[in-house]
């Protein structure tokens, strides 16, 4: 069994070797002009890009306004301008639905207003008919038994 003295020396040396990792660094005060200049040099050549949608197209704004007027959240005529009254109406509509009320319209709100995406011109939607599948009685028995076997469901 190691002696108390050996354990004590080991703990002290471990504590002293770990101390620099926890030491705090102090900064010397510099003048604000030096700090500003060094920051300016560090950010030179980098452009600031604003991400996300910045404005709403006037045609889209008019569509949203017409929908808000139809739902009695906005009064008057659709102007196509995303103004304070339109923003307030959209925020009220979204709040009444229990959704976020940020400045840009929520996709759920647009869909509920009937302004969701239009898939009518999609490649697979052109000249297609959306009809119900044929009745099960028209499927040949060998084919339907194959479907049942492949599904793994026992009847």
(request) Looking only at segment 108-149, count how many residues are on the phi > 0 side of the Ramachandran plot and at pLDDT 80 or above. (result) 1
(request) Filter segment 60-76 for residues that are in contact (Cβ under 8 Å) with a residue 12 or more places away in the chain and not in a helix (DSSP H, G or I) and give the result. (result) 71, 73, 74
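The values are calculated or read from the model by the stated rules, or taken from the named source; none is laboratory data. Because the structure is predicted, anything quoted here is derived from the model rather than measured. Don't worry about glycine lacking a Cβ; one is built from the backbone with ideal geometry, like all the others, and counts go over all protein chains shown.
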